[in-house]
1. Ratio to report: Rg/Rh of the chain, with Cα atoms as the point set and Rh obtained by the Kirkwood method; give two decimals.
2. Of LYS231/LYS274; LYS68/LYS274; LYS200/LYS274; LYS203/LYS272, which sit over 23 Å apart, Cα to Cα?
3. Compute the longest continuous run of the chain that contains no exposed GluC sites (Glu not before Pro); treat a site as exposed when its DSSP state is not H, G, I, E or B and it has at most 16 other Cβ atoms within 10 Å.
4. Would you mind calculating the gained length between THR153 and THR21 on full extension (0.36 nm times residue separation, minus the Cα-Cα distance), in nm to one decimal?
5. As a check on your grasp of the helix formula, calculate [θ] at 222 nm for the chain: sum -39500 (n - 2.57) over DSSP H runs of n ≥ 4, divide by the residue count, round to the nearest 500.
6. Separation of region 119-197 and region 98-116 by C-alpha centroid, Å?
7. Measuring with a 1.4 Å probe in the full set of protein chains, what accessible area per residue, in whole Å², belongs to region 262-333?
8. What do you get for chymotrypsin sites (Phe, Trp or Tyr not before Pro) in region 66-164 restricted to DSSP loop and a cutoff of at most 13 other Cβ within 10 Å of the site's Cβ?
Amino acid sequence: MADSPMTLSEHLSTQQAALSTEHARNVAAVLGRIGRVAAVIAQELAHAALRDQLGYVGGANATGDQVKKLDVWGHETMVSALRETGACAALVSEEAADPVEMHAGGTHALVVCADPVDGSSNLDVNGSVGTIFSLRPSRGKSPAGPAALGAGTDQIAAGYVMYGPATTLVYTVGRGTHGFTLAPETGEFLLTHPDIHIPKRGKIYGINEGNVNTWHPGQRAFVEYLKTKDKASGRPYSLRYSGAMVADVHRTLLDGGLFMYPADWSDPAKPKPKLRLLYEVAPMGLLVEQAGGRASTGFERVLDVVATEYHQRAAVILGSPEDVAMADEFYRR
Ligand code: FBP
């Protein structure tokens, strides 16, 4: 690491060239604010058990998940922070059925899609959790929420924050994928993982094997292949699964291999994916591709999937390019 590592805001200014001038200021404002919100969320997570902030609030969110107190707190914290930037026209959040309109920023304002607290099932057991975000152009639409709909290739920027032993922020504006670590003393994110390049092939796969009986036959055969001993091709791969997409994707970006959450194919006529396209799968797809990896649904590139609903779900197989290509091959058989 450099003696005096670059801060997030300094790094954002080096990335301006990747953005249209109109959007550059708003992207920097929103990403800078998300960095500050992340430091606040990290603090709150560290004190949650002491502040009676663990457990459920009762009721379900837009996608039927039981809602935790920190899910609601995280959502509200994100809403007020983004509103203050004056650069965000609307927020599509896991915790709100409809987009939160913010009526700000003019033609080049941004629509943010976010999962304020990802991996909620880990909250009460002190496991790693995260925040996932994606920035799209509002094109001056009013209401602006509908501007979030469309292909993953429409994203201007994407990123996540991982709240683990350290707090890490990883983002892209389409010019590589870069990682920062929070300095708790100053609340600053410092550049610790510039220009992340995912290994071409890995040795680890992450998937909830408890769902094996619901998988597509190609998915089942692929995981059997990964588990089969063969020295020449570095198999068997090891299984690692944290229960939080952010933590599993972060490991995959740095160490290579795969993170997979395939659809439930119990009814082949109606496969049922779990993870949400706009604020989980598409942003992770952009980050992984910008790090030299691949992100597929098993049938197509994740970034080509067109969102027509705010809480639409999509299957995902992402990671090292050669491993994902192999998975796609098994799906084609
Ligand atoms: P939320 O916690 O934001 O709803 O996210 C969904 C998620 O927790 C992912 O982070 C994770 O990869 C997956 O669901 C775990 O699902 P499962 O418990 O079915 O393996």
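The values are calculated or read from the model by the stated rules, or taken from the named source; none is laboratory data. Since the model is a prediction, treat every value here as computed from it, not as a measurement. Please note: Cβ atoms are built from the backbone with ideal geometry, for glycine as well, and neighbour counts cover all protein chains shown. Only protein heavy atoms, including side chains, enter the accessible area calculation; ligands, DNA and RNA are left aside. Shrake-Rupley method; radii C 1.70, N 1.55, O 1.52, S 1.80 Å.
1. Numbers: Rg = 19.0 Å, Rh = 20.0 Å.
In the chain, Rg relative to Rh is 0.95.
2. Working: LYS231/LYS274 34 Å; LYS68/LYS274 18 Å; LYS200/LYS274 27 Å; LYS203/LYS272 28 Å.
Those over the limit are LYS231/LYS274; LYS200/LYS274; LYS203/LYS272.
3. Values: sites that count: GLU185, GLU300, GLU309.
Longest stretch, sites excluded: 1-184.
4. Values: separation 132, 0.36 × 132 = 47.52 nm, distance 1.89 nm.
Here the answer is 45.6 nm.
5. On the way: 7 runs with 94 residues, N = 333.
Value at 222 nm, helices only: -9000 deg cm²/dmol.
6. Cα centroid to Cα centroid, the span is 15 Å.
7. Numbers: 2870 Å² over 72 residues.
Ligands and nucleic acids excluded, the figure is 40 Å² per residue.
8. Values: sites: TRP73, PHE133, TYR160, TYR163; in loops: none.
Passing sites in region 66-164 do not exist.
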